[in-house]
1. Residues in the stretch 153-174: is at least one open to solvent by 70 Å² or more (accessible area, probe 1.4 Å), at pLDDT 90 or above and out of contact with any Cys (no Cβ under 6 Å at 6 or more places or on another chain)?
2. Give just the number: which of (1) free of Cβ contacts under 8 Å to residues at least 40 places away in the same chain; (2) in contact with a Ser or Thr (Cβ under 9 Å, 6 or more places away or on another chain); (3) part of a strand (DSSP E or B) does Ala141 not satisfy?
3. Being among the acidic types (Asp, Glu) and assigned to a strand (DSSP E or B) is the filter here, so list the residues in the stretch 144-172 that pass it.
4. Looking for something more than 20 Å from Ala179 (Cβ to Cβ), part of a strand (DSSP E or B) and modelled with pLDDT under 90 - is there at least one such residue anywhere in the stretch 116-124?
5. List, please: which pairs have Cβ atoms under 8 Å, are six or more places apart or on different chains, and start with a residue in the stretch 180-202 that is in a strand (DSSP E or B) and end with one that is open to solvent by 90 Å² or more (accessible area, probe 1.4 Å) and not small (Gly, Ala, Ser)?
6. Report, by residue number, each residue of the stretch 144-170 that is on the phi < 0 side of the Ramachandran plot and without any contact (Cβ under 8 Å) to a residue 24 or more places away in the chain.
7. When the residues of the stretch 98-115 are filtered to those that are closer than 20 Å to Tyr199 by Cα and not in a strand (DSSP E or B), which remaining residue is modelled with the highest pLDDT?
Amino acid sequence: MCWRGRPVYRRRQIGKILSTVVLVLGVLFFVLIVDGLAFLGMKYVFHLDFTQDYRQVDEIGQLRFWDGWSGKVYIRYPFGLRPIEKREDVPKQEKPAPFWLDTTIYDVADSGGLVAWYDWRESKIFLGSADGEVSESFDVAYDAKKLAFSPDGRYLLVYEIDYRGEITDDEYCYYRVIALEDGTQYTVYAGYREWFRVYWAE
């Protein structure tokens, strides 16, 4: 009886250990899922972003993110976006209307004789003169929806949206700044469905 009982006992012990391991792994997986969802919720509500690329942009203190739903204006700080005021609307920015613009141009901005425009067909942002002569171009990863020069003309803000899948409003938003001196691009803020109207304060 003892000889036959040992294998049975071992099988029971192994079964208990495996059950415990499966239970612990299941609990850990559940905790990770809940924790991940909680973090995503906090990131969306509190506009969290721990990346530090924005520190490379000298004029970052003048960049504003306006939420049309709440009327809050945000600025970038080390943990994401921080509200600083409320306003009814953003300052109006007049758009140049060069004669050569066509339907492939989505947005255009100008600063001191320099013009920037986004051509969705080529997925590029072009810099040039008001008569359409190109001096430089920059590739973009997604659809650019907004261009704006910084007040000193050293930076170009680019607001891009990554349309993911077939779901309506399933969009990831990127706010990048291009340093025009060397062409370096900095992602100053990004987030899922983080739609802001962005502008530079004078």
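1. yes
2. All conditions are met except number (3).
3. From the stretch 144-172, those among the acidic types (Asp, Glu) are 152, 160, 162, 166, 169-171; that's our starting set.
Answer for the stretch 144-172, where residues must be among the acidic types (Asp, Glu) and assigned to a strand (DSSP E or B): Glu160, Asp162, Glu171.
4. For the stretch 116-124, residues more than 20 Å from Ala179 (Cβ to Cβ), part of a strand (DSSP E or B) and modelled with pLDDT under 90: present.
5. Filtered contacts from the stretch 180-202: Tyr186/Gln56; Gly191/Tyr44; Tyr192/Leu40; Tyr192/Tyr44.
6. Filtering the stretch 144-170 for residues on the phi < 0 side of the Ramachandran plot gives 144-152, 154-164, 166-168, 170.
Listed by number, the residues that qualify are Glu160, Ile161, Asp162, Tyr163, Arg164, Glu166, Ile167, Thr168, Asp170.
7. Gly113
The values are calculated or read from the model by the stated rules, or taken from the named source; none is laboratory data. In this text the structure is predicted, and so the values were computed from the model without any measurement. Note that we place each Cβ from the backbone using ideal geometry, even for glycine, and neighbour counts take in every protein chain shown. Each accessible area value is taken on the protein alone, full model and side chains, heavy atoms only, with ligands, DNA and RNA left out. Shrake-Rupley method; radii C 1.70, N 1.55, O 1.52, S 1.80 Å.
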